[in-house]
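Since the structure comes first, as structure tokens, the remarks are kept for the end.
What follows draws every value from the coordinates through simple rules; no lab data is involved. Every value quoted in this text rests on a predicted model; they were computed, and no experiment measured them. Glycine also receives a Cβ, built like all others from the backbone with ideal geometry; neighbour counts cover every protein chain displayed.
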Amino acid sequence: MLNANCKRLPCKGENAACLQGSLDTPGYDGNRVLAAIAALGRARAACACSNLAPIRLFIDTGSVAEVEEIASWGILSGATTNPSLLAKEDGDPGEIVQRICELVRGPVSAEVVSQDVESMVNEGRALRELHQHVTVKVPFNKEGLAATKALIDDGIPVNMTLVFSPNQALLAAASGATYVSCFMGRLDDISIDSAVVLEEIADTLRAGGMTSEIIAASIRHPEHVVTAARLGCEIATAPAKVLEQMLNHPLTEAGAEKFRADWESRPEFGEWLRGLTEKRLAATGS
Ligand code: G3P
């Protein structure tokens with residue numbers, strides 16, 4: 001999905017054509033294709049119009065322990081909870097949400113559970129008073145749309161959740177939702193290609209000039225996060241397990257091991273670095 005409106009760089013047709021061209025050219029040259037892909041990659045990166053902020057990573061959990069662990073990596077910009085995730089946890093749900101807000105220092109979604117507009121709005125107002133970082137999560141349906149409009153009019157940020165189609169995303173954005181959550185894993189569960197749906201949602205909201213930010217949710221594996229980033233989603237909210245899987249690459253571990261072994265083969269170098277570090281600490285105290 002490249003932004004057809006972007007005037008910055010020729011994109012979409014031309015770059016795709018370049019790549020396409022090399023694939024169809026007799027005497028196919030892998031290096032040339034690689035160069036074309038790299039050029040396309042750069043074009044996509046440059047094409048991500050200035051109004052598309054870099055993707056932000058949220059954690060999708062009700063577990064304070066998981067948030068404490070992942071927040072310590074310094075990569076989190078927010079969190080999402082839902083009634084199922086909170087129901088797995090012991091303790092007061094309000095205190096859990098407040099603790100997660102303190103840990104991530106960014107938007108934390110807490111979901112309403114009633115099904116009529118008035119009760120949803122009242123629950124949303126109450127959840128918002130838990131902490132300045134609370135975003136009210138509202139399930140997608142017509143009552144949810146009306147409740148979203150009312151909460152947004154109150155100045156309360158809303159994450160419209162359980163969105164599975166561009167039409168639903170358009171309606172959610174039209175109600176003023178701050179965020180629209182598209183559930184990738186649950187689409188894949190019923191053999192609907194979540195990447196296609198997410199791309200359609202991104203294209204539809206962007207082409208329509210909608211300002212709702214897209215949250216890629218129901219993330220089941222690291223590739224879902226990469227897909228969300230490539231499609232220009234503003235946010236990906238992933239379970240702790242997936243964020244941990246994103247850490248791993250065999251060459252990284254092997255490389256670090258080799259560096260350690262080579263360095264330890266020269267003990268005098270270890271001495272030198274320790275001396276350098278201690279000297280600076282003595283001089284600066286920190
Ligand atoms: O926040 C939505 C997400 O938690 C749903 O994930 O894995 O239950 O589809 P999942």
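Between rounded, prolate and oblate, where does segment 229-286 land on the alpha carbon gyration tensor, with a ≥ b ≥ c its root eigenvalues, rounded for a/c under 1.5, else prolate if a/b exceeds b/c? Judged from the Cα gyration tensor, segment 229-286 comes out oblate (a/c at least 1.5, b/c at or above a/b).
Shape analysis of segment 47-129 places it in the oblate category; the axes a ≥ b ≥ c from the Cα gyration tensor give an a/c of at least 1.5, with a/b not above b/c. Each of residue 186 and residue 174 was given a label point 7 Å from its Cα along the Cα-to-Cβ line. The distance between the two points is 2.2 nm.
Once backbone amide H atoms are built at 1.01 Å from N, residue 60 has 80, 238, 240 as its partners under 5 Å, excluding neighbours fewer than 5 places away on the same chain.
What percentage of all Cα-Cα pairs in segment 131-286 are separated by more than 20 Å? Summing the P(r) of segment 131-286 above 20 Å gives 61 percent of all pairs.
Computed from the C-beta positions of residue 211 and residue 281 and an R0 of 35 Å, the FRET efficiency is 0.15 to the nearest 0.05.
The ranking of 186, 128, 274 by Cβ neighbour count inside 10 Å, starting from the fewest, reads 274, 186, 128.
Phi angles across segment 170-182 convert, under the Karplus curve 6.51 cos²θ - 1.76 cosθ + 1.60 with θ = phi - 60°, into 3J(HN,Hα) values of 4, 5, 4, 5, 5, 7, x, 3, 5, 10, 10, 9, 9 Hz, Gly and Pro given as x. Separation of segment 222-286 from segment 79-111 is 29 Å, based on Cα centroids.
Across q = 0.18, 0.22 Å⁻¹, segment 138-185 modelled as identical point scatterers on its alpha-carbon atoms has Debye log10 I(q)/I(0) values of -0.42, -0.62, in the order of the q list.
One chain, two ends: residue 87 and residue 252. Fully extended at 0.36 nm per residue, the span grows by 55.7 nm beyond their Cα-Cα distance.
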